[in-house]
Amino acid sequence: MFFIKKSKFNKVESENTKRPVIKTGFSLNMLSITLILISLLAVGILSGCDSKDDRQSYINVFNWGEFIDPDLIAEFEKESGLTVNYNTVATCEEMYAKIKSGGVAYDIVVPSDYMISRMIEENMLLKIDKKNVPNEALVDETFRNPVYDPTGEYSIPYQFGTIGIIYNADVVDEQDIGSWDLLWNKKYKKQILMFDNSRDALGIALKRMGYSYNTTDESVIRRAAEMLKEQKPLVQAYVMDQIFDKMESGEAAIAPYYTGDYFLMLKELGENSDMNLKFYIPKEGSNLFVDSMCIPADAGNKAGAEAFINFICKSENMAKNTEWIYYSTAESSARALLPKELRDNDEMYPEGEELKRFETYLNLPKNARTLYDALWVQVMSS
C-alpha cells in the first residue's frame, strides 16, 4: 500500500508504508477479515485524495518554460493558502493534445492566440467570471475582445511578443542579415537552428515567399513544406527551449525565436560576456502573438484559477513577471513600472508603422491543420 503525496511543482512522490504486523495467533478467517479491512481503508484513502474539499486546496498550472517568476508562485501560495502545481510545455500543439486527452485536470493554461480560438470552438474552455478578476480592468483596450476571443470571455492576456532572428554577429556577416533568407544561407550550414513546431516553421517559409501566415491555399502551403525540406541539410537542430544553451554557448550561430527570449539571453550572459548576440525582425514581416490565461473546461478549481489570474494581473505583479521573463505586458500600468530599457524598447513594444510589419496567427480550418500536420511529418522524416 502507498500514499500519494502532493508536492510543489507537481512532482508526485510515492511513500511506502510499513506493512501491519500480523500476529501468529490470528486464525485464517481473522487474517482474511483484516486484509479486507485494510484494502477498504486503502480505497477510502486513495479516493479521498481527489475529494472536492481537497481539490480546492491546490491549482494545476500549465505554462511555457521560463515563463513565470518563481517568486510570484511563492507569493501567491502564501497569500491564498493554495498550492501551485506547475507544469511546462514546449508548443501549443503539445499543450492542446495534453488538455484534449484529459489526463490531468489543469486549472490554468496559457495558450497562444490561434490555439485559444480553436479551444473555444471545441468547447475546451470555461468562461472567466470577471467579477472574480477585478484586475482584468487593467488590460489595455488594444488587447480587449481580440479576433481569437471576440467576446473576451475566455481569455485574459498574460504576455505578448514577436518573432525575429537571433544571430552571433562574430560569425554571421552583416551583409547577410535582414531577411528570412539567412535561415537558408548555405554559408552557415549546421550553424542554424529551427523551430520544432509546424506553425512557426511553415509560417517562416510562407513569409519568406511573401504569403500570409494564415493562407489556406494548399499549393502554397506545400511549397512552404518543400522549402523546409530544402533547408533541412543546413539545420543543426530543431529546438524550442534548447535554444538558450545552444546560442549562449556558441554551439549554434543563427536561430529564429521570440524577441523576449533574445533579451533574456542577453541578461543571462551578462555585460561581460564575449558572446556577441544580436537580433532583427526580417523585412518580409513576422508574427505578433498574444499568450493568454485560460481555464480549461475540466478544471477542478475554477475559483482558485480566477484568484491566480487576478493576482498575476495586479500591476506590480505583472511588472515583476514581465521584468523576469523579458516579454511584453498588455497593461500600460505595469509597463510604467518597468526599467527604462524594457519600458522604452521598440523591439518589445512595436508601434505605429512598425506594427504593420506583424501578423497574428489565426485558427486555421480543420483541413488546413491536417495538411500542416502531415507536411510537418514529411519534413521531419525527409
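Each value in this text was obtained by applying a stated rule to the coordinates, not by laboratory testing. Just so it is clear, the structure is predicted and the values come from calculations on it, not from any experiment. Glycine also receives a Cβ, built like all others from the backbone with ideal geometry; neighbour counts cover every protein chain displayed.
Charge dipole (Cα centre; +1 on Lys/Arg Cβ, -1 on Asp/Glu Cβ; no other charges) of the chain amounts to roughly 1540 debye.
The HN-Hα couplings worked out from phi for the stretch 292-304 by the Karplus form 6.51 cos²θ - 1.76 cosθ + 1.60 (θ = phi - 60°) are 10, 7, 9, 10, x, 4, 9, 4, x, 9, 5, 4, x Hz, whole numbers, x standing for Gly and Pro. Phi-derived couplings, Karplus 6.51 cos²θ - 1.76 cosθ + 1.60 at θ = phi - 60°, listed residue by residue for the stretch 139-154: 5, 4, 4, 4, 9, 8, 6, x, 4, 7, 8, x, 8, x, 9, 10 Hz, with x used for Gly and Pro. Measuring spread by the Cα atoms of the chain yields a radius of gyration and Dmax of 24.3, 90 Å. For the pair the stretch 50-115 and the stretch 160-197, the centres of their Cα atoms are 33 angstrom apart. What is the angle, in °, between the Cα long axis of helix 366-381 and the longest principal axis of the Cα atoms in the chain? Nearest 10 is fine, range 0 to 90. The angle comes out at about 80 degrees.
For the chain, what does -39500 (n - 2.57) per DSSP helix run (n ≥ 4), summed and divided by total residues, give at 222 nm, in deg cm²/dmol to the nearest 500?
-11500 deg cm²/dmol
Less than 5 angstrom separates the built amide H of residue 293 from those of 156, 158, all sequence-distant by 5 or more or on a different chain.
For the listed peptides 246-256, 357-367, a ranking on the average number of other beta carbons within 10 Å per residue, highest first, reads 246-256, 357-367. Using the Cβ-Cβ distance between residue 316 and residue 142 with R0 set to 22 Å, the FRET efficiency works out to roughly 0.55. Rounded, prolate or oblate: which fits the stretch 226-382, taking a ≥ b ≥ c as square roots of the Cα gyration tensor eigenvalues, rounded meaning a/c under 1.5, else prolate when a/b beats b/c? Oblate shape, in that a/c is at least 1.5 and b/c is the bigger or equal ratio.
Between the beta carbons of residue 214 and residue 79, assuming R0 = 41 Å, the FRET efficiency works out to 0.50 to the nearest 0.05. Treating r as the C-beta distance of residue 298 and residue 129 and R0 as 25 Å, the FRET efficiency rounds to 0.90.
Please list, in order, the residues from the stretch 137-161 whose amide nitrogen is less than 17 Å from a point placed 7 Å along the Cα→Cβ vector of residue 336. Answer for this model: 137-142. Measure nothing fancy, just the Cα-based angle from helix 218-231's long axis to the longest principal axis of the chain, in degrees from 0 to 90, nearest 10. Here the helix axis deviates by roughly 90 degrees. Residue-wise HN-Hα couplings along the stretch 340-350, as the Karplus relation 6.51 cos²θ - 1.76 cosθ + 1.60 with θ = phi - 60° gives them from phi, are 4, 5, 9, 4, 9, 7, 5, 6, 8, 10, x Hz; Gly and Pro carry x.
In terms of packing, defined here as the mean over residues of other Cβ atoms within 10 angstrom, the peptides 304-317, 339-352 line up highest first as 304-317, 339-352. Annotation for residue 69 and residue 226: the two label points, set 7 Å from Cα along the Cα-Cβ direction, are 5.0 nm apart.
For residue 287, the residues whose amide H sits under 5 Å from its own are 163, 359, ignoring neighbours fewer than 5 places away on the same chain, with H placed 1.01 Å from N. Multiplying the residue separation of residue 367 and residue 174 by 0.36 nm and subtracting their alpha-carbon distance yields 65.4 nm.
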